[in-house]
Amino acid sequence: MGASQKLSSFNCEIRILEAKNIEFTSPKNLFVRYYLSTDNNKRIRLNTTQISSVSDFTWNQSFSLECLGSQDSIHSLQQSTIVFELRQAKSRPVFGSSSRLLGRAEIPWSEVFESANMGIERWVSLVSANNGTVKQPKLKVGMRVRVPEEMEMNKKMKRFRKWQDECGCCESSKVGDFCEDYELFALAAAMEFL
């Protein structure tokens, strides 16, 4: 990387929430494996905890990654996808294989970057190896990208809300509601600092 390239930092958050349309004849342990692409064409593999198939298929787990890179690295991330796999843990691993793939889906990071708040939460249909008449398994995931300016703005708004709660200007017993005016002022002032 050349000395003239400016480094940027950002935060990627991935949430595995729940799954549905999964049918078993006997109890199994399930987990989600997902792959993140790196700048040098390698992948990071992450697994959620295992849950029993007799549960409600809820993980509600998140993973956050702080990234530092050039504008080229951010552009490279925007062009990549994240791969989600719903897997069944085997009770006795055979030849080093400890799980069976039940379904797979990919989501492009560009969808996250192009969304209103650089974040999405949705159900994704998993392509399943099972071509029978069972319903297609689905996985509910959340993905978000945050840049330092957005994180700083959220901190400023939290401090303002705390001040708003302490000032008492929005209490229903007082005449008028002046906090709305202050909220606009604080938002404009916070934007000015960025």
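Glu66 meets each of the listed conditions (1) of a type in the set (Asp, Glu); (2) surrounded by 15 or more Cβ atoms within 10 Å (Cβ to Cβ); (3) at pLDDT below 90 apart from (2).
Rundown of residues vs (1) within 19 Å of Trp123 (Cβ to Cβ); (2) in contact with a helix residue (DSSP H, G or I) (Cβ under 6 Å, 6 or more places away or on another chain); (3) part of a strand (DSSP E or B); (4) not hydroxyl-bearing (Ser, Thr, Tyr), yes/no style:
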position	(1), (2), (3), (4)
Arg45	no, no, yes, yes
Ser55	yes, no, no, no
Ser62	yes, no, yes, no
Asp72	no, no, no, yes
Gln78	no, yes, no, yes
Val83	yes, no, yes, yes
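Give the residue, chosen from Met153, Met143, Met157, that is surrounded by 13 or more Cβ atoms within 10 Å (Cβ to Cβ), of a type in the set (A, V, I, L, M, F, W, C) and at pLDDT 90 or above. So the residue among Met153, Met143, Met157 that is surrounded by 13 or more Cβ atoms within 10 Å (Cβ to Cβ), of a type in the set (A, V, I, L, M, F, W, C) and at pLDDT 90 or above is Met143.
The values are calculated or read from the model by the stated rules, or taken from the named source; none is laboratory data. Keep in mind that what you see is a predicted model, and the values were worked out from it rather than measured. With ideal geometry, Cβ positions are generated from the backbone for all residues, glycine too; neighbour counts draw on all protein chains shown.
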